[in-house]
1. So how do 158, 112, 80 line up by other beta-carbon neighbours within 10 Å, fewest first?
2. Under a plain spin-label model, where a point goes 7 Å from the Cα along Cα-to-Cβ, how far apart in nm are residue 145 and residue 32?
3. Taking the DSSP beta bridges in the chain as the whole, what percent of them are antiparallel, to the nearest 5?
4. For a test of the definition: using alpha carbon positions, the gyration tensor, and the 1.5 limit on a/c, classify region 35-126 as rounded, prolate or oblate.
5. Say each of residue 69 and residue 56 gets a label point 7 Å from the Cα, pointing the same way as Cα to Cβ; how far apart are those two points in nm?
6. Across every pair of different alpha-carbon atoms, what Kirkwood hydrodynamic radius in Å does region 3-179 reach?
C-alpha cells in the first residue's frame, strides 16, 4: 500500500493559510525537517492555490536542493478550475474525484505521496480517511481571525496518535501524527 502524508506550517490557533504572513522564523531544524519530509516522497499532491504559487516560482528557481527535487518529482494537481498544468513539467491534473484518485494511489505498492501546503486538500484527505501521516510545524504565534484553519468548527471527533515530537531552537514544535486505527 502507498502512504499519503501531509506537512503544514500552523499557528497555535490552527491557522495554516499564508504562513509567510505570520511565520516569524524558519530555523535550520525546520529546514531539516521539511527536507526529510520531501526527500522521502515519490510524488506530490498539490491543490490549485499551492500549485499556482509554486509553478510560478520553482521551475526557474536555483534554490537548491529543493528546486531540483520539486521540479523532477511527479506532481498531481487537484483543481476543478484549472484546464491544464502543462507549464510545469511532471505535473498532471487529477481528473474525477480527488478521493478516488488518492485511494487508487494508496492501493499501489510502496511509495509515499505527500502534500505541500494545500490545506483544503489536506483537510479533504483527512476527512476521507486517506491521510496516513500528518506533520505539523506548530509556531508559537497566534495568527488571529480571518485566516483559514486546518480543521473546521464542525469537524468530526477523530483520534490521532502522536508518533514523534521535538521542538526547535526558535520554539516551533514539530509534531508527527497518525490516525489511531
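Bear in mind that the values in this text are calculations on the coordinates, not laboratory data. All values derive from a computational prediction rather than experimental measurement. We place every Cβ from the backbone using ideal geometry, glycine too, and count neighbours over all the protein chains shown.
1. If I rank by nearby Cβ atoms, fewest first, I get 80, 158, 112.
2. Roughly 4.1 nm, to one decimal.
3. The antiparallel fraction comes to roughly 35 percent.
4. Oblate, since a/c reaches 1.5 and b/c is not below a/b.
5. Result for the modelled spin labels: 2.4 nm.
6. The answer is 16.8 Å.
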